[in-house]
1. Just read off the accessible area of Lys666 with the full protein assembly in place, 1.4 Å probe, to the nearest 10 Å².
2. Counting only the heavy atoms of the protein chains, how much of Asp158 is accessible to a 1.4 Å probe, in Å² to the nearest 10?
3. What FRET efficiency, computed as 1/(1 + (r/R0)^6) with R0 = 45 Å and r the Cβ-Cβ distance, is obtained for Ala691 and Arg463, rounded to the nearest 0.05?
4. Please report the net charge: other residues with Cβ closer than 11 Å to the Cβ of Glu195, K and R +1, D and E -1.
5. For Thr538 and Arg156, compute 0.36 nm times the residue count separating them, minus their Cα-Cα distance, and round to one decimal in nm.
6. ³J(HN,Hα) across the stretch 84-99 via Karplus (A = 6.51, B = -1.76, C = 1.60, θ = phi - 60°), whole Hz, x for Gly/Pro?
7. If you split all Cα-Cα distances of the stretch 526-629 into 5 Å bins from zero, what percentages do you get per bin, shortest first?
8. Modelled label-to-label distance, Thr184 and Gln701, 7 Å Cα→beta-carbon offset: nm?
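The values are calculated or read from the model by the stated rules, or taken from the named source; none is laboratory data. In this text the structure is predicted, and so the values were computed from the model without any measurement. A quick note on method: Cβ atoms are made from the backbone with ideal geometry, for glycine too, and the neighbour counts reach across all protein chains shown. Quick note on the areas: whole protein, heavy atoms, side chains included, nothing else; ligands and nucleic acids left out. Shrake-Rupley method; radii C 1.70, N 1.55, O 1.52, S 1.80 Å.
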Amino acid sequence: MSVKNQWKLLVGGLSARRPSTSPAHSAAREFLERSRLVAALIFIVTVVAIVLISSAGMTSLRLPVLPGQTATVRVAAAAPFTYVSDEKTAAAREQFLNRVPPIYRLEFAALREFEAAARDLLTRLAQFEATHPPGAPLFTSPRSELAQLSAAFNARGDNHTSVEDLAALLAAGDARTRAAIFDTGLSVLRELHAEGIHDAALGNSVLGGVTVFQIATPGNVPAPRPVHSLEDALTILRVSLATEGVPRPSAQALFRFFRNGVTANVVFDRVATQRREAEAARALQPVSVNVTRGQTIIEAGERVTPEQYEMFAAHRRYLMEHGDAELNEGLALFGRVLLVLAMVLASIIYIRLEDPETLRSNVRLGLLALVVILNLALVRIVYALGGAEFFVRDGSWASTLPYVAPTAFAPLIVAILIDAGSAIFMALLISIFTGVIYGNRLDLLVLTFLASLVAIYFARDARRRGRVVRSAAAGGLTVAAFAALIAFADQTPLDTLARQMAAGVLTGLFTGVAVVGLLPVLESLFKRTTDITLLELTDYNHPLLRRMQLEAPGTYHHSLVVAQLAENASNAIGANPLLARVCALFHDIGKTAHPSYFTENQRDGHNPHGDHTPADSAQIIKRHVSDGVELAARHRLPRAVIDVISQHHGTTLVRYFYEQAVTLSKAPFALIPPRSQTDNLESKNPSVPDAPFRYDGPRPQFKESAVISLADGVEAASRSLRSADAAQLTALIDKIVLDRIAEKQLDEAPLTFEDIARIKNSFQFTLLNMLHARVAYPAIESPARIQKSDVS
């Protein structure tokens, strides 16, 4: 080392630089961290913020409601208004159209067909009579001819006549008489059909009072008129045919013959009926509904009917158009304050029981308050979107907003930065207020709480950022799955259900990404360190670790061993093993500033301390702590790592150089004895103050720091052992631990005697496996020597 560098080192060592934190700054930091006044302020700010978020400006304008859903809150009209009801107009139209009588028309095709068949039969009967005079027997060829006439007549339509009926018609008189009788019968049929004949299926309603309209010709207005039933028509026909001079058998045959022409000819005219209904509907005026102030629109606990939903939508439109959306609605402010106070007090009680350290730390309380307030603010912002015109106009889109609310945001952050227990309670608190914000929806409370629990479960002990995103996505899938169940119970339309499920999944993904992006900011702001950050710091390619490998390889190896010792011991006592490992890896990074002044890095046998006094050498050794803190701060290492760097030596004595100083004070001109001869000297001498030879501290403040402090001393001392067996290691570990206890170095660390016993056992087990001996292998002669011996 050059003289210039030695002088810089000497001056720097004598100055004994400490971390830049001033006493005033440390006192202010301690006040903010532990002051009950600050804790009370956090409590008040939290209560006020939650009350404002969950109550200020609450209005049913943004309440997502769908027809068929069970209402969770009563909605009353905030102002009188009038609206045109499509639902009531449709109901009135349907009722009115039911009173519009159907229109029928008269069909004469069947009558014309019967009349043609009857006249044709009359002509054939005249021909038959001409070839078979009266009195001829009918049981031979003439009877078969009558059968043919009967069959021909029956084939022309739905007619039924027999040979006997035709014979009775022949017996009624001559051809002129039969023609007159046929004219009378056909005339009666034409009159009956002109008046209308209906069958029994239609007759019940017609004769019961329903008026039948007849359309005489296209273009005429239908007019009401009575019609005959089939029974009445047959009776009229029988009476009309019973004329004098006609034998009874012939009269009966005539009736049987002409009743074939009596058919129902009243037919429903669908086109004319629809035209009449359309004309009537055009004449119907839309129904207007007047709603008074305070009138109940939706009643809590009842399913929302289409009429109620229409009134609710009209109410929202009125409030938007007239600027009255922020009227007195929802829960009273006093009741909301009581609810917030109860929930926050319950949170404090829970934290007091499950995690008292959080209650004693204002930083943790501030973190909890911040993330909860931020999460509820996000929920409220999403809720406020329901007042946008798009969501007011389309209630199906508004129903997706509760599933967009990122309720798992704060629980995930708390689970990662603090613990899962606090995260679960925060999830419950946020879910309760989310349900309250969205109209006291119990289903939404249960759904969001379950989704947050799923996210917390998968995010526990997360050491990769990707796992955080997957955990939030699992919460989103939970929302989607249970949204489907709720939609099935409420009979929600499939398109609305698809939007709700997609909103749940996408919200979960975006929540995970947001948490991953915000974690570094919160870690820096609240001096918290996550396992994700710690695991990233175990990368041996970190600039500080790479520098240590190249410039101080002995210190690097020492740090690796200390890291292994500290990790195993921390795991044994329930501390954070990952935190202990990371802090141990970096605890001696300050030695990289001047590595040759530390024994483990003196490879060439030269000791530069020979050029300095013991006091100067002690200052140089002590300086690696302040150098380490400076390097750690420059590389933005977590606060826990910086604390371990400053605490791992506590206020212990740099014993070797102190003993040298004691020796020199007794014999000023004596040579400095080697270290092996000063180990048994008195540790203190009144003539040499020990303050310049003590580290500046502070002593270890938390479990991991205390474990690393002990591991650092045990590892350094174990290198002086010529052989390592269980007894020697036990004695060495006991001596170092007892010395630290005697010097009160562990008084400020939360360690119990049981913890110390477990730490010692862990150290012994780890060192026995590290310092094990190997079997000596026999030397192998070189090939040249073997060949030479063979030749000789």
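1. Roll a 1.4 Å probe over it and Lys666 shows about 140 Å².
2. 120 Å²
3. The formula returns an efficiency of 0.55 here.
4. So the surrounding residues net to 0.
5. Here the segment from Thr538 to Arg156 would lengthen by 127.0 nm.
6. 8, 8, 5, 5, 5, 5, 5, 5, 5, 4, 5, 5, 5, 5, 5, 8
7. Going out from 0 Å in 5 Å bins, the stretch 526-629 shows 2, 13, 19, 21, 18, 12, 8, 5, 2, 0 percent.
8. For the pair Thr184/Gln701, the computed spacing is 13.0 nm.
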